[in-house]
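So the structure is just underneath, and the comments pick up after that.
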Amino acid sequence: MVITGASSGIGRAVAHRLAADRARLVLCSRSAEALSAVADECRERGSAEDDLQTVTIDVREAPAVDDLLATAASHFGRIDAVVHCAGALAYGRFVDLPAELFDATVATNLGGTSHVARAALLQFETQRAGHLVLVGSVLGKIAAPTMSAYVTTKWAIHGLARTLQLE
């Protein structure tokens, strides 16, 4: 199981739950320090040392995501599932939010999702099996003030997920 965004929030909770089931895990995040703490927590919950890897990665970089999945598949023989939880959030009225911050949120949430989905689906085609979980939000169906970048990406992720289901 590959989990992006494993250092906090839903990603961390997923890692804990799968560790309790003794799943073989590849935990991914931009923060090596946070990943180390989550890895320790997973070991406390039942993960074996040989069945747990941490990878510091920025999902905005497609080649890094491709390398991550290729390495995980090579190390464990296959990938059963990818749970994509990585995300970013920026608060502020749309006109007050710096363009760079809006764009960075879009790059992480939407770009990162597309990179992870593409790499995972190509790996699953090779294996002829696998599951992709894209973590969304209720904000992929409604809107909220001061969250324009996040809401925009979550609506887009919902559209991507639906398109992938149809394909």
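If you check G77, G46, G112, G9 for being in contact with a Ser or Thr (Cβ under 9 Å, 6 or more places away or on another chain) and of a type in the set (G, A, S), only one passes: G112. Checking R17, R24, R30 one by one, the residue that is touching a helix residue (DSSP H, G or I) at 6+ places or on another chain (Cβ under 7 Å), at pLDDT 95 or above and open to solvent by 30 Å² or more (accessible area, probe 1.4 Å) is R24 and no other.
Of the candidates S148, S114, the single residue that is over 20 Å from the mean Cα position of the chain (by Cα) and open to solvent by less than 60 Å² (accessible area, probe 1.4 Å) is S148. If we keep just the residues of segment 33-58 that are in a helix (DSSP H, G or I) and in contact with a Lys or Arg (Cβ under 6 Å, 6 or more places away or on another chain), which is most open to solvent (accessible area, probe 1.4 Å)? So, considering only residues that are in a helix (DSSP H, G or I) and in contact with a Lys or Arg (Cβ under 6 Å, 6 or more places away or on another chain), the one most open to solvent (accessible area, probe 1.4 Å) is D51.
Among residues of segment 3-22 that are more than 17 Å from A72 (Cβ to Cβ), those with a beta-carbon under 6 Å from a residue that is in a helix (DSSP H, G or I) and open to solvent by 50 Å² or more (accessible area, probe 1.4 Å) at least six positions away or on a different chain give the pairs H16/R45; A20/R45. Scanning segment 87-107 finds no residues that are assigned to a helix (DSSP H, G or I), in contact (Cβ under 8 Å) with a residue 24 or more places away in the chain, open to solvent by less than 40 Å² (accessible area, probe 1.4 Å) and more than 19 Å from I157 (Cβ to Cβ).
The values are calculated or read from the model by the stated rules, or taken from the named source; none is laboratory data. Predicted model only: the values in this text are computed from it and were never measured. Cβ: placed from backbone, ideal geometry, glycine included. Neighbour counts: every protein chain shown. For accessibility, only protein heavy atoms count, side chains too; no ligands or nucleic acids. Shrake-Rupley method; radii C 1.70, N 1.55, O 1.52, S 1.80 Å.
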